[in-house]
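Colleague: Please read through the structure below; I'll follow up with questions.
The values are calculated or read from the model by the stated rules, or taken from the named source; none is laboratory data. Values in this document were obtained by computation on a predicted structure and should not be read as measured data. Counting neighbours? That spans all protein chains shown, and the Cβs are built from the backbone with ideal geometry, glycine included. These accessible areas exclude ligands, DNA and RNA; they are computed on the full protein's heavy atoms, side chains included. Shrake-Rupley method; radii C 1.70, N 1.55, O 1.52, S 1.80 Å.
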Amino acid sequence: MRIHQLNCGTMAGISPTRVLLVEAPGGLVLVDSGIGLQDIADPAGRLGPLRHLVRPALDPAETAVRRIGALGLDPRDVRHIVLTHFDVDHIGGLADFPDATVHVTTQGLTRAVRLPRFVERRRYRRAQLAHGPTYAEYEFGSDRWEGFRMLPLDHIAEGMKFVDLPGHTTGHAGVFVPGGAGAGHDDDDETPVGKDILHAGDAFYHRGQIDLSVRTPAVIPLQERAFALEPGAIAMTHSGLAALARRRADSLDVVCAHDPSGPGGL
C-alpha cells in the first residue's frame with residue numbers, strides 16, 4: 001500500500017491538520033478528513049466559535065478532496081474514512097465523500113451523535129454530519145497490539161487497526177496502517193518503503209511529548225489539557241506512545257494530527 005501524509009487544514013499559520021490517504025487494493029482510504037469544502041463555504045455554521053481560536057486557513061486547495069485530485073487520483077474512489085474522533089477539524093471533509101463508509105469507535109459515536117453530554121453538545125458541530133454519513137462502529141475488547149487495545153480493520157485494508165488512545169475525547173483512537181511508500185508529491189511527505197504509520201490523532205500535539213530529545217514549547221501541554229475530555233489518561237497514553245516509538249523506531253512512524261515539527265508543519 002502507498003500512504004500519503006497530507007495537510008488538510010493549516011491552523012494558526014503553523015500547524016497542519018494531518019490526514020492519511022491510503023492507496024489500498026480495494027480503493028482509497030482516508031484516516032480523518034480535515035477541513036472540507038462546506039466548512040470553507042460556511043465557517044460560522046460548520047466550525048462555530050472555535051474557528052476564531054484555531055484560525056484555519058480555509059483554503060480549498062488544502063481540502064482532502066482537492067489534495068486527492070492534485071495527486072492524480074479520483075476522489076470518488078474513496079471507499080472508507082476511518083476517524084480518530086469527531087472534532088470539527090477531523091470530520092469537516094466527510095461531506096465531500098458522501099458515499100464513503102465512516103468507521104468509528106462505538107464510544108466516539110455515542111458521545112458525538114447518540115447521547116452527547118453537555119460538553120459534547122457544545123464541542124461537536126451537527127451541521128458537519130447533516131449529510132447523513134453511513135457509519136460502521138467498533139467496540140474495543142481484549143485484543144492487544146504492542147500493549148494497546150486494538151480492533152482489526154482488515155476488511156478495509158489488510159493489517160489496518162484501530163488503536164485505543166484515550167485522553168483527548170471519549171472514544172478517541174489512533175489508526176495503524178502497515179508499510180507504505182510516499183508518492184513524492186509537493187504536499188505529501190515521503191514515507192520509506194515498508195515503514196508502518198500510526199496516526200495518533202490528537203493523542204499528542206508535538207513530537208517532543210513522545211520524544212524527550214525534542215523540546216516541546218511550554219504552551220503545548222496547556223493547550224492539550226484545555227481540550228482534553230479525559231485528561232487523566234493523557235500521561236498514560238503519552239508514555240505508551242513514547243515507548244512504542246522507541247521500540248519500533250526503525251519500522252514505525254508515530255505521527256499526530258497537528259505537530260508543526262512533523263510532515264506538513266511549517
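Colleague: Which value in nm describes the separation of the simple spin-label points at residue 250 and residue 212, placed 7 Å from the Cα toward the beta carbon?
Modeller: For the pair residue 250/residue 212, the computed spacing is 2.3 nm.
Colleague: Ignoring solvent entirely, what values of log10 I(q)/I(0) come out of the Debye formula for the range 97-255 at 0.11 Å⁻¹ when each Cα is a single scatterer?
Modeller: -0.50
Colleague: Let me ask something else. What residues qualify as long-range amide H neighbours of residue 149, i.e. H under 5 Å apart, gap of 5 or more or another chain, H built at 1.01 Å from N?
Modeller: Close amide H contacts, sequence-distant or interchain: 164.
Colleague: Now for a different question. What ranking, highest mean first, results for peptides 117-124, 37-44, 155-162 when packing means the other Cβ atoms within 10 Å averaged over each residue?
Modeller: 155-162, 37-44, 117-124
Colleague: Moving on to the next point. Of the options 124, 173, 163, report the single residue whose Cα projects farthest towards the positive end of the charge dipole of the range 100-174 (beta-carbon charges: Lys, Arg +1; Asp, Glu -1).
Modeller: Farthest towards the positive pole: 124.
Colleague: Next question, about the same structure. Keeping the other protein chains in place, figure out the carbon and sulfur percent of the accessible area of the range 53-110, with a 1.4 Å probe.
Modeller: 49 percent
Colleague: Something else now. What trypsin sites (Lys or Arg not before Pro) in the range 213-258 are in a loop by DSSP, with at most 14 other Cβ atoms within 10 Å of the Cβ?
Modeller: 215
Colleague: Under a 1.4 Å probe, what is the accessible area of the chain per residue, stated in Å²? Spell out each step's value before the answer.
Modeller: Details: 11190 Å² over 266 residues.
For the chain, the per-residue accessible area is 42 Å².
Colleague: Here's a follow-up. With a 10 Å radius around each residue's Cβ, average the other Cβ atoms per peptide and rank 16-27, 234-245, 131-142, highest first.
Modeller: Going by the mean number of other Cβ atoms within 10 Å, highest first, we get 16-27, 234-245, 131-142.
Colleague: Is there a quick way to get the dipole size of the chain? I mean about its Cα centre, with the Cβ of Lys and Arg at +1 and of Asp and Glu at -1; what is the value in debye to the nearest 20?
Modeller: For the chain, the charge dipole is close to 900 debye.
Colleague: State the answer as a single residue: which of 240, 52, 83 lies farthest towards the positive end of the charge dipole of the chain, with beta carbon charges of +1 for Lys and Arg and -1 for Asp and Glu, about the Cα centre.
Modeller: 52
Colleague: Across every pair of different alpha-carbon atoms, what Kirkwood hydrodynamic radius in Å does the range 48-179 reach?
Modeller: Averaging 1/r across every pair of different Cα atoms and inverting gives 15.9 Å.
Colleague: Here's a follow-up. With a ≥ b ≥ c the root eigenvalues of the C-alpha gyration tensor of the range 55-97, is it rounded (a/c under 1.5), prolate (a/b larger than b/c) or oblate? Could you put the intermediate results ahead of the total?
Modeller: Working: a/c = 2.63, a/b = 1.18, b/c = 2.23.
Here the range 55-97 falls in the oblate category.
Colleague: Please list the non-local residues whose amide H lies under 5 Å from the amide H of residue 32, H modeled 1.01 Å from N, same-chain partners needing a gap of 5 or more.
Modeller: Residues meeting the amide H criterion: 82, 83, 84.
Colleague: So what is the relative contact order of the chain, in percent, for Cα pairs below 8 Å that sit 6 or more residues apart?
Modeller: Details: 607 pairs, mean separation 54.2, N = 266.
Over the chain, the number comes to 20 percent.
Colleague: Let me ask you something else. How would you order 4-13, 63-72 from highest to lowest mean count of nearby Cβ atoms within 10 Å?
Modeller: Answer by packing, highest mean first, reads 4-13, 63-72.
Colleague: If you don't mind, another one. Given only helices, namely DSSP H runs of n ≥ 4 each adding -39500 (n - 2.57), what is the per-residue ellipticity at 222 nm of the chain, to the nearest 500 deg cm²/dmol?
Modeller: Calculated at 222 nm, the ellipticity per residue is -5500 deg cm²/dmol.
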